[in-house]
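Notes for the one structure printed next.
Coordinate-derived values only; no laboratory data. Keep in mind that this is a model prediction, so the values were computed, not measured. Every residue, glycine as well, gets a Cβ built from its backbone with ideal geometry; the counts of neighbours run over all protein chains shown.
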Amino acid sequence: MNIHEYQAKGVLREFGLPVSRGVAIFKPEEAAAAADELGGPVWVVKSQIHAGGRGKGTFKGAPAGAKGGVRVTKSKDEVVQFAREMLGQTLVTVQTGEAGKQVNRLYIEEGAQIAAEFYLSMLVDRETGQVAFVVSTEGGMDIEQVAHDTPEKIVTFSVDPATGIMPHHGRAVAKALGLSGAQAKEAGDLTEKLYRAFTAKDMSMLEINPLVLTGDGHLKCLDAKISFDSNALYRHPDVVALRDETEEDAKEIEASKYDLAYIALDGTIGCMVNGAGLAMATLDIIKLYGEEPANFLDVGGGASEEKVTAAFKIITADPQVKGILVNIFGGIMKCDVIARGVIAAVKAVGLEVPLVVRLEGTNVEEGKEIIRSSGLNVIPADDLDDAAQKIVAAVKGA
């Protein structure tokens, strides 16, 4: 689960981390009061969307060369003007794609004197099973570009969960950023607090870009991006309360209600599969035969008929879907349960696109018989290769 920058800074503030003062607003009429509360003399007006690259982004319909989604001003009148220009508009960045995202919130923040910009992030390193720090002197830039052009400027290290954060980790951060004296001590304190926040809130990613050294020689988290482990949200009702569903795909929200692993994609063939590995193979073979998958959908190993019905309804709700492939290998999941779920869903929502069903495994003959006797126009398949070819041919034929 992702949250907005201003919410991320609120979380960091709970752990005593240095962040700028700011006010979130939702209406242009709130901009003047926010500017007054902060007092100036410099204000930063920031679009709040779940995507990076906001500063270099452009608003749809804006004239060429127009300012981006993050703007700095010394004028209270411009704060109000920017709020009017940005709220409700669609911001396109390198991470949103051409569709962009509508800006429904702004964060008006006090300006900061910046002497240097750094990069710092934390994530779970799957190779070591530990929390890893990624640190660089190249703050404010795309870290992927830094890794490509000057990898020697990126320092990484992991924290052993048996010991937790230690003083030498803070020293490693300070050394990587070229800090000494009082600033190195601040880096150590910041490192400890970031680790404590990361583990206490079950984060999966925390990125500070940029982490800045201010004009008076102190470190400050000037931007913050946080993702939380969705499997741990039951432990954090305060984090769940920060969820902004307008930033998420409606189909993904519906899928989460049934504990379905669903990710919307840009293609035309809807997929319902059990098991993440089989789902990835299904997506790959659809692409191999010249079409694009419309989604990743894993119903899991122990799905009920109700869950399968919900999954099918989510797929058919996507107007991009021109055909559906059901690919089930019955181990824990029984083929007859899948078959009944598919039939129930088709009867409930109708079937206006080609449907190919491939079943194999536990109760496969019962499942096939349920499909055959349903009277529905379902195309059977013997294996995954056969199924992929049939659904691609049906979609192209349509």
Report task. Pull out the extension gain between ALA348 and ASP189, defined as 0.36 nm times the separation in residues minus the alpha carbon to alpha carbon distance; nm, one decimal. Result -> 51.4 nm
Query raised in the report: When DSSP beta bridges are limited to those with both residues in the chain, what percentage is antiparallel, rounded to the nearest 5?
Result: 75
Report summary line: For segment 333-344, in residue order, the Karplus 3J(HN,Hα) values (coefficients 6.51, -1.76, 1.60; θ = phi - 60°; whole Hz; Gly and Pro = x) are 6, 9, 5, 5, 5, 4, 4, 5, x, 5, 4, 4
Requested in this report: Per residue, how big is the convex hull around the C-alpha atoms of segment 96-169? Give it to me in cubic angstrom, could you?
Outcome: 200
Report task. Work out the length of the dipole vector of segment 21-110 about its Cα centre, built from +1 on the beta-carbon of each Lys and Arg and -1 on the beta-carbon of each Asp and Glu, and round it to the nearest 20 debye. Result -> 320
Query raised in the report: So what is the 222 nm mean residue ellipticity for the chain from helices alone, if each DSSP H run of at least 4 adds -39500 (n - 2.57) and you divide by all residues, rounding to the nearest 500 deg cm²/dmol?
Result: -11000 deg cm²/dmol
Query raised in the report: Can you pull the Rg over Rh of segment 21-110, Cα-only, Kirkwood?
Result: 0.95
Query - Paramagnetic reach from ALA115 in segment 16-30 [backbone N under 19 Å; point 7 Å along Cα→Cβ] - result: 18-20
Report summary line: With the dipole of segment 21-110 defined by +1 on each Lys or Arg Cβ and -1 on each Asp or Glu Cβ, the option from VAL72, HIS50, LEU38 whose Cα lies farthest towards the positive pole is HIS50
Query raised in the report: In terms of modelled amide H atoms, which long-range or inter-chain residues lie less than 5 Å from the amide H of GLN130?
Result: ASP125
**Report entry** Distance between modelled label sites at ASP244 and ASN377, nm, 7 Å Cα→Cβ extension
**Finding:** 4.4
Query raised in the report: Does a label point 7 Å from the Cα of VAL42, set along Cα-to-beta-carbon, have any residues of segment 175-214 with amide nitrogen under 17 Å, and which are they?
Result: 210-214
**Report entry** 5 angstrom amide H check on ALA116, placed H, neighbours 5+ away
**Finding:** LEU213
Query raised in the report: In percent, how large is the relative contact order of the chain, given Cα pairs closer than 8 Å and 6 or more residues apart?
Result: 12
**Report entry** Net dipole in debye of the chain [+1 Lys, Arg Cβ; -1 Asp, Glu Cβ; about Cα centre; nearest 20]
**Finding:** 660
Query - Backbone HN-Hα couplings from phi across segment 276-289 [Karplus 6.51/-1.76/1.60, Hz, Gly and Pro as x] - result: 5, x, 5, 5, 5, 5, 5, 4, 5, 6, 5, 5, 4, 8
**Report entry** Table column - 3J(HN,Hα) (Hz), segment 176-189, Karplus curve with 6.51, -1.76, 1.60, x for Gly and Pro
**Finding:** 4, 8, x, 9, 9, x, 4, 5, 5, 5, 4, 4, x, 5
Report task. Provide the net charge surrounding GLU78, with neighbours chosen by a C-beta distance below 13 Å and charges set as Lys +1, Arg +1, Asp -1, Glu -1. Result -> +3
Query raised in the report: Based on the Cα coordinates of the chain, what is the per residue volume of their convex hull in Å³?
Result: 171
Requested in this report: Taking H placed 1.01 Å from N in the peptide plane, check which residues at least 5 places from ALA261 or on another chain put their amide H under 5 Å from its amide H.
Outcome: ASP298
Query raised in the report: How many Å³ per residue does the convex hull of the Cα positions in segment 226-321 occupy?
Result: 117
Requested in this report: Taking the Cβ of each residue in PHE312, PHE198 as the centre, tally the other Cβ atoms inside 10 Å and list the residues starting with the fewest.
Outcome: PHE198, PHE312
